[in-house]
Amino acid sequence: QVQLIESGGGLVQAGGSLRLSCAASGPTLSSYAMGWFRQAPGKEREFVAQISWSGGIIKYAASVKGRFTISRDNAKNTVYLQMISLNPEDTAVYYCAAAPGITSRGYEYDYWGQGTQVTVSS
């Protein structure tokens, strides 16, 4: 059983930056593809970014491409999401998740963290 714990969320002004972390306990993350998703109030959960187990395949949602960077450190069992040029539309609860293969479909992820709130003020 993989347990995921996100951290690094908070309140930031528009144009600011945050770095989210997702630490795993239990089995190593090295065999899992990892993803970041977000859910804003009153909206559906949406895909943000994904990274393969090796880090060799990375994909982003169009809305964050060029501003967000996903990375992973398998030795530390941790995945990161560096976010720059944040805007109020990025306000959401951000979740990391683990899947057996690379995918942007949330239902294909087996494990989820509890989420971390990111609030961007204008």
Problem set entry | Cα-centre dipole for the chain with unit charges at Cβ (Lys and Arg positive, Asp and Glu negative), debye to 20 | 200 debye
For this session: Take the solvent-accessible surface of the protein heavy atoms, probe 1.4 Å, and return the percent of it on the chain that carbon and sulfur atoms account for.
Result: 50 percent
Exercise. Between Ser63 and Thr28, how many nm apart are label points set 7 Å from Cα along the C-beta direction?
Worked result: 3.5 nm
Seminar exercise, completed: Here the relative contact order (percent) of the chain, from C-alpha pairs under 8 Å and at least 6 apart, is 36 percent
For this session: For region 38-47, take each phi angle, set θ = phi - 60°, evaluate the Karplus expression 6.51 cos²θ - 1.76 cosθ + 1.60, and give the result in whole Hz per residue in order, putting x for glycine and proline.
Result: 8, 9, 8, x, x, 10, 6, 5, 10, 5
Exercise. From the backbone phi of region 88-93, what are the Karplus-calculated ³J(HN,Hα) couplings (6.51 cos²θ - 1.76 cosθ + 1.60, θ = phi - 60°) in whole Hz, Gly and Pro given as x?
Worked result: x, 5, 7, 5, 4, 8
For this session: Return the distance in nm (one decimal) between the two label points of a simple spin-label model at Gln13 and Ser54, each offset 7 Å from Cα along Cα→Cβ.
Result: 4.4 nm
Exercise. What are the principal axis extents of the Cα atoms in the chain, in Å, biggest first?
Worked result: 40, 25, 25
For this session: Skip the ligands, DNA and RNA, and give the accessible area per residue of the chain with a 1.4 Å probe, whole Å².
Result: 50 Å²
For this session: Give me the distance in nm between label points sitting 7 Å out from Cα along the Cα-to-Cβ direction at Ala75 and Glu46, one decimal.
Result: 3.6 nm
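The values are calculated or read from the model by the stated rules, or taken from the named source; none is laboratory data. Being a predicted model, the structure only gives us computed values, none of them experimental. Quick reminder, even Gly has a Cβ in these numbers, built from the backbone with ideal geometry, and neighbours come from all protein chains shown. To get the accessible areas, we keep the full protein, side chains included, count just its heavy atoms, and leave off ligands, DNA and RNA. Shrake-Rupley method; radii C 1.70, N 1.55, O 1.52, S 1.80 Å.
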